[in-house]
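Shown next, in structure tokens, is the structure this report addresses.
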Amino acid sequence: MAQLVLNDVRKRFGKTEVIHGVDLEVKDGEFVVFVGPSGCGKSTLLRMIAGLEEVSGGDVIIGDERMNEIAPSDRGIAMVFQSYALYPHKDVYGNMAFALRHAGEDKKVIDERVRKAADILGLEPLLKRRPKELSGGQRQRVAIGRAIVRDPAIFLFDEPLSNLDAALRVQMRVEILRLHQQLKTTMVYVTHDQVEAMTLADRIVVLRDGRIEQVGTPLELYHHPQNQFVAGFIGSPKMNFLPARSEGGSGRVTVPGSDPIDVPVKGSPDVSDLTLGIRPEHVGIVPPDQGTITGEVMVAERLGGETYLHVDLGADDPFVVKADGSAAQKSGERIGLRFPPEALHLFAKDGAAFEHRERHSLIA
Amino acid sequence: MSTVDTTRARRGRMGRIGTAAGVHAVLLGYTLIAIFPVLIVVMNSFKNRRGIFTEPLALPGPETFSAEGYATVLTEGNFLLYYGNSLIVTVVSLFLILLLGAMAAHALSEYRFKLNALLSIYMILGIMVPIRLGTVAILQLMVDLNLVNTLISLILVYTAQGLPIAVFILTEFMRTLSRDIKDCARVDGLSEYRIFFEVVVPLIRPVLATVAVFSMIPIWNDLWFPLILASSDATKTVTLGVQQFIGQYTVNWSAVLASLSIAILPVLVLYAIFSRQLISGITAGAVKG
Ligand SMILES: Nc1ncnc2c1ncn2[C@@H]1O[C@H](COP(=O)(O)OP(=O)(O)O)[C@@H](O)[C@H]1O
Ligand SMILES: [Mg+2]
């Protein structure tokens, strides 16, 4: 059953349209993440679902009801904001109880629900504190607790972890994941961080300039990006792109300075300006005389467990290869590179990806 | 090498202390200059007439001490009535300025509507054009409305006088408030009025106090409008009432100084109340902190 449906949803601020017709179905209990670069309209889309932003065109449907003109508090949603947005003059308990008190809920029911939410998030010892007496992580937990108390049909999160430091972010990410497993409520989560998207989402929605670029599971997006933007956005370090020429179709291409490379794609692109893509972690390192292509190592970034080699292949951007932590290659050294065919991606001039002949084994 | 470094560091530290001392000296000097007349007024209000004129700068001594000024003020004339009038006018005008100003600022900063920019400019014009320029028109209006010699006329004028700058300052401040917290209240189901009173007002308390302090002084001290709009005996304010001790031929200086001393009191009390609010940090922790 679809819990949330967006039907050709559009948003205009004055004369400028920032959301250009978004279609999406979110299933009951699903964890969907909107991801995209800053300014692509993620927050605007989420705020339209919440009812905080007027819908300029299309329908927002929650449950079976069209919600375009319904007030935020009547949509069965709860929202967690990036800046926490706690009421500074109320203590933690007061913050969590506020919406229910306002709705005229029974005192005992309120108390029960606040304590249950506090229990889930480990907030009991903090119930009497004011927001300013809490750390960033605790504040965000209170903000989430406030959402839980309302028992919504859909949770909306707008970059809830962006204000936290890196270590806390990882910890809260796990907590949110655990929360979803426990509550099994539909969640829509906005972030610009593709790692957060990959780790949290059942399905990811990649947005760019107010349009959906692709919707799919994290592994679908990783292994079968539908265009060059998604391919470059998902994965870290990002995918390498090389200018490629078709050699008589059937997916055979060359890049400057390389032997012919066979990309296992459907169809037979026979045009000159193509782009070949491969992720740093899929490139193999071989002696120079055995490589599909050779290049000089410019920089070796040693992270301990892994090493990023920046290789000069004559293109503008350096080509990044992820090697083992104990890889011996030094800067100035010439190395050969091998491209496993199944890890290659081929993009047309407009950025659209050519479909692979076979799906990745982990994807049904 | 290291000696050079420490000398430089010491010189830097000395320099900083020197700058701080300079700043404090200037501030202290300014404070003295500002307090001096007040001190003279209060001091002399406790002296008899001879004491005031022979040694105006001396503290009241056993020979010169006298509370006759206070006695005159509290027994003769309607000083307490004037005092009450001043308080009513000031407090009610302040209340209206803060309430209407904050609500207008909320609307201007929070909602997108067609005349928004135009209204903001209109308010700024109100800051630049002194309200006294409109005295004749205001008097005519008050006559037509039958409000001459009522406190209401003063309250209306002072509210109009204080609103533009209050709206301007509050609007600028409210633009900096986190949008999230208001949106959160909307999701929680609060009406726009309750968002204003329960979420926005607590967040802007320090700024409201600031606006209150500097709106209050000109109202309390004003002589112009009470003289023109409400000079009847029942509606005189303190500043106007003091004039009864200034006769054409003799001036009862003890009484004048005593009434001025008493008149300072409410301003001090109101200031004390508001300045407690000025201690900010109230919003700390509301958003990222
Ligand atoms: N209130 C507004 N008025 C005008 N333009 C806006 C407003 N809010 C957002 N925008 C524009 O809409 C676009 C999307 O913004 P937003 O949804 O906040 O992006 P994201 O959350 O993905 O960073 C941006 O180009 C932004 O400038
Ligand atoms: Mg955003």
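The values are calculated or read from the model by the stated rules, or taken from the named source; none is laboratory data. What you see is a predicted model; the values in this text were computed from it and never measured. A quick note on method: Cβ atoms are made from the backbone with ideal geometry, for glycine too, and the neighbour counts reach across all protein chains shown. The accessibility values were calculated without ligands, DNA or RNA, using every heavy atom of the protein model including side chains. Shrake-Rupley method; radii C 1.70, N 1.55, O 1.52, S 1.80 Å.
Of all residues being open to solvent by 70 Å² or more (accessible area, probe 1.4 Å) and touching a residue at least 24 places away in the same chain (Cβ under 8 Å) in the stretch A:10-38, which is nearest to ligand 2 (Cβ to nearest atom)? Just the residue, please.
If we take residues in the stretch A:10-38 being open to solvent by 70 Å² or more (accessible area, probe 1.4 Å) and touching a residue at least 24 places away in the same chain (Cβ under 8 Å), then A:38 is nearest to ligand 2 (Cβ to nearest atom).
Identify all residues within the stretch A:50-69 that are among the hydrophobic types (A, V, I, L, M, F, W, C) and either more than 11 Å from chain B (Cβ to nearest Cβ) or open to solvent by 20 Å² or more (accessible area, probe 1.4 Å) (or both); write none if there are none. Talk me through it step by step, then tell me what you get.
Here is the first cut: in the stretch A:50-69, the residues among the hydrophobic types (A, V, I, L, M, F, W, C) are A:50, A:52, A:55, A:60-62, A:67.
The answer is A:52, A:55, A:60, A:61, A:62, A:67.
Is it the case that some residue within the stretch A:70-81 is within 10 Å of chain B (Cβ to nearest Cβ), at positive phi and either in contact with a His (Cβ under 6 Å, 6 or more places away or on another chain) or not in a strand (DSSP E or B) (or both)? Show your work before the answer.
Residues of the stretch A:70-81 within 10 Å of chain B (Cβ to nearest Cβ): A:71-75, A:77-81.
If we keep only those that are at positive phi as well, we get none.
No; the residues of the stretch A:70-81 include none that is within 10 Å of chain B (Cβ to nearest Cβ), at positive phi and either in contact with a His (Cβ under 6 Å, 6 or more places away or on another chain) or not in a strand (DSSP E or B) (or both).
Of the numbered conditions (1) more than 11 Å from every other protein chain (Cβ to nearest Cβ); (2) more than 19 Å from the chain's Cα centre (by Cα), residue B:204 satisfies every one except a single condition; which is it?
(2)
Identify the residue in the stretch A:156-168 that is more than 16 Å from ligand 1 (Cβ to nearest atom) and either in contact with a Ser or Thr (Cβ under 6 Å, 6 or more places away or on another chain) or away from every other protein chain (no Cβ under 14 Å) (or both) and, among all such residues, is nearest to residue A:121 (Cα to Cα).
Filtering the stretch A:156-168 down to residues more than 16 Å from ligand 1 (Cβ to nearest atom) leaves A:164-168.
Narrowing the set further to residues that are either in contact with a Ser or Thr (Cβ under 6 Å, 6 or more places away or on another chain) or away from every other protein chain (no Cβ under 14 Å) (or both) leaves A:166-167.
On the way: A:166: 20, A:167: 18 Å.
Only one residue tops the list, namely A:167.
The rows are residues; the columns are (1) under 17 Å from the mean Cα position of the chain (by Cα); (2) assigned to a helix (DSSP H, G or I).
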residue: A:109; (1), (2): no, yes
residue: A:138; (1), (2): no, yes
residue: A:147; (1), (2): no, yes
residue: A:152; (1), (2): no, no
residue: A:168; (1), (2): no, yes
residue: A:172; (1), (2): yes, yes
residue: A:175; (1), (2): no, yes
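If the requirement is being within 14 Å of chain A (Cβ to nearest Cβ), more than 16 Å from the chain's Cα centre (by Cα), crowded, with 16+ Cβ neighbours inside 10 Å and at pLDDT below 75, which of these qualifies: B:285, B:281?
On the way: B:281 fails: crowded, with 16+ Cβ neighbours inside 10 Å.
The match here is B:285.
Just a yes or no: is a residue in the stretch A:256-272 buried (at least 17 other Cβ atoms within 10 Å of the Cβ), of a type in the set (Ser, Thr, Tyr) and in contact with a Ser or Thr (Cβ under 9 Å, 6 or more places away or on another chain)? Walk me through how you get there before you give the answer.
At the first step, the residues of the stretch A:256-272 found to be buried (at least 17 other Cβ atoms within 10 Å of the Cβ) are A:258, A:261, A:263, A:265, A:269.
Right, trim to of a type in the set (Ser, Thr, Tyr) and you get A:258.
Those left that are additionally in contact with a Ser or Thr (Cβ under 9 Å, 6 or more places away or on another chain): A:258.
Scanning the stretch A:256-272 turns up at least one residue that is buried (at least 17 other Cβ atoms within 10 Å of the Cβ), of a type in the set (Ser, Thr, Tyr) and in contact with a Ser or Thr (Cβ under 9 Å, 6 or more places away or on another chain).
Just to check your reading of the model, which residue among A:18, A:22 is within 11 Å of ligand 1 (Cβ to nearest atom) and in contact with a helix residue (DSSP H, G or I) (Cβ under 7 Å, 6 or more places away or on another chain)? Reasoning before the result, please.
Numbers: A:22 fails: within 11 Å of ligand 1 (Cβ to nearest atom).
Testing whether each residue is within 11 Å of ligand 1 (Cβ to nearest atom) and in contact with a helix residue (DSSP H, G or I) (Cβ under 7 Å, 6 or more places away or on another chain) leaves just A:18.
Tell me which residues, restricted to the stretch A:175-210, are within 16 Å of ligand 2 (Cβ to nearest atom), away from every other protein chain (no Cβ under 14 Å) and not hydroxyl-bearing (Ser, Thr, Tyr). Steps first, please.
Here is the first cut: in the stretch A:175-210, the ones within 16 Å of ligand 2 (Cβ to nearest atom) are A:188-194, A:196-197, A:205-210.
Within this subset, residues satisfying the condition of being away from every other protein chain (no Cβ under 14 Å) are A:189, A:191-194, A:196-197, A:205-210.
Once the filter is applied, which keeps residues that are within 16 Å of ligand 2 (Cβ to nearest atom), away from every other protein chain (no Cβ under 14 Å) and not hydroxyl-bearing (Ser, Thr, Tyr), the stretch A:175-210 yields A:192, A:193, A:194, A:196, A:197, A:205, A:206, A:207, A:208, A:209, A:210.
In the stretch A:39-49, which residue that is open to solvent by less than 20 Å² (accessible area, probe 1.4 Å) and under 18 Å from residue A:208 (Cβ atoms) is farthest from ligand 2 (Cβ to nearest atom)?
As a first pass, look at the stretch A:39-49 and keep what is open to solvent by less than 20 Å² (accessible area, probe 1.4 Å): A:40-42, A:45-49.
Now restrict to residues that are under 18 Å from residue A:208 (Cβ atoms): A:40-42, A:45-46, A:48.
Numbers: A:40: 9, A:41: 9, A:42: 5, A:45: 10, A:46: 8, A:48: 13 Å.
Ranking the candidates gives A:48 first.
Is at least one residue of the stretch B:179-192 more than 12 Å from chain A (Cβ to nearest Cβ) and either open to solvent by 10 Å² or more (accessible area, probe 1.4 Å) or without any contact (Cβ under 8 Å) to a residue 24 or more places away in the chain (or both)? Talk me through it step by step, then tell me what you get.
First, the residues of the stretch B:179-192 that are more than 12 Å from chain A (Cβ to nearest Cβ): none.
No, the stretch B:179-192 has no match at all.
Given the condition open to solvent by 20 Å² or more (accessible area, probe 1.4 Å) and away from ligand 2 (no atom under 16 Å from the Cβ), answer yes or no: does some residue in the stretch A:154-163 qualify?
For the stretch A:154-163, residues open to solvent by 20 Å² or more (accessible area, probe 1.4 Å) and away from ligand 2 (no atom under 16 Å from the Cβ): absent.
Of all the residues that make up the stretch A:76-132, how many are within 16 Å of ligand 2 (Cβ to nearest atom) and surrounded by fewer than 21 Cβ atoms within 10 Å (Cβ to Cβ)?
Initially, the stretch A:76-132 is screened for residues within 16 Å of ligand 2 (Cβ to nearest atom), giving A:79-85.
Adding the requirement that they be surrounded by fewer than 21 Cβ atoms within 10 Å (Cβ to Cβ) leaves none.
Residues that pass the stated criteria total 0.
So how many residues does the stretch A:40-69 have that are more than 15 Å from ligand 1 (Cβ to nearest atom) and of a type in the set (Asp, Glu)?
Total meeting the criteria: 4.
Looking at the stretch A:79-95, can you tell me whether even one residue there is small (Gly, Ala, Ser) and either under 30 Å from residue A:232 (Cβ atoms) or within 16 Å of ligand 1 (Cβ to nearest atom) (or both)?
We begin by selecting, within the stretch A:79-95, every residue small (Gly, Ala, Ser); these are A:83, A:85, A:94.
Checking the rest, the ones that are also either under 30 Å from residue A:232 (Cβ atoms) or within 16 Å of ligand 1 (Cβ to nearest atom) (or both) come to A:83, A:85.
Taking every residue of the stretch A:79-95 in turn, at least one turns out to be small (Gly, Ala, Ser) and either under 30 Å from residue A:232 (Cβ atoms) or within 16 Å of ligand 1 (Cβ to nearest atom) (or both).
Residues that are at pLDDT below 95 and of a type in the set (Val, Ile, Thr): which strands (runs of 3 or more DSSP E) entirely in the stretch A:263-364 hold 3 or more of them?
On the way: elements: A:274-278, A:284-286, A:293-302, A:306-312, A:319-324, A:334-338, A:345-347.
Because the criterion is at least 3 residues that are at pLDDT below 95 and of a type in the set (Val, Ile, Thr), the strands (runs of 3 or more DSSP E) in the stretch A:263-364 that meet it are A:293-302.
If you scan the stretch A:301-334, which residues turn out to be more than 16 Å from residue A:255 (Cβ to Cβ) and among the β-branched types (Val, Ile, Thr)? Let's see the steps before the verdict.
So the first thing to find is which residues in the stretch A:301-334 are more than 16 Å from residue A:255 (Cβ to Cβ), and the list is A:301-310, A:322-334.
Correct list: A:307 only.
Take the conditions in contact with a Leu (Cβ under 8 Å, 6 or more places away or on another chain) and in a helix (DSSP H, G or I) and apply them to residue B:227. Does it pass? Steps first, answer last, please.
Numbers: in contact with a Leu (Cβ under 8 Å, 6 or more places away or on another chain): yes; in a helix (DSSP H, G or I): yes.
It is true that residue B:227 is in contact with a Leu (Cβ under 8 Å, 6 or more places away or on another chain) and in a helix (DSSP H, G or I).
Determine if the stretch B:221-234 includes at least one residue that is within 14 Å of chain A (Cβ to nearest Cβ), open to solvent by 60 Å² or more (accessible area, probe 1.4 Å) and at pLDDT 85 or above.
Taking the stretch B:221-234 first, the residues within 14 Å of chain A (Cβ to nearest Cβ) are none.
No: zero hits.
Output the qualifying pairs, or none if there are none: Cβ atoms under 8 angstrom, residues six or more apart or on different chains, first residue in the stretch A:206-220 and farther than 16 Å from residue A:26 by Cβ, second residue of a type in the set (D, E, K, R).
Pairs that qualify, where the first residue is farther than 16 Å from residue A:26 by Cβ and the partner is of a type in the set (D, E, K, R), are A:210/A:11; A:210/A:17.
Please verify whether residue B:117 is surrounded by fewer than 19 Cβ atoms within 10 Å (Cβ to Cβ) and assigned by TED's automatic domain parsing to the domain that holds residue B:222, treating the condition exactly as stated.
Values: surrounded by fewer than 19 Cβ atoms within 10 Å (Cβ to Cβ): yes; assigned by TED's automatic domain parsing to the domain that holds residue B:222: yes.
Considered against the rule, which asks whether it is surrounded by fewer than 19 Cβ atoms within 10 Å (Cβ to Cβ) and assigned by TED's automatic domain parsing to the domain that holds residue B:222, residue B:117 comes out as yes.
Being within 22 Å of residue B:86 (Cα to Cα), free of Cβ contacts under 8 Å to residues at least 12 places away in the same chain and not small (Gly, Ala, Ser), is that true of even one residue in the stretch B:121-131?
To start, the set of residues in the stretch B:121-131 that are within 22 Å of residue B:86 (Cα to Cα) comprises B:130-131.
Still in the running and free of Cβ contacts under 8 Å to residues at least 12 places away in the same chain: B:130.
With the extra rule that they be not small (Gly, Ala, Ser), the set shrinks to B:130.
So far as the stretch B:121-131 goes, yes, one or more of its residues are within 22 Å of residue B:86 (Cα to Cα), free of Cβ contacts under 8 Å to residues at least 12 places away in the same chain and not small (Gly, Ala, Ser).
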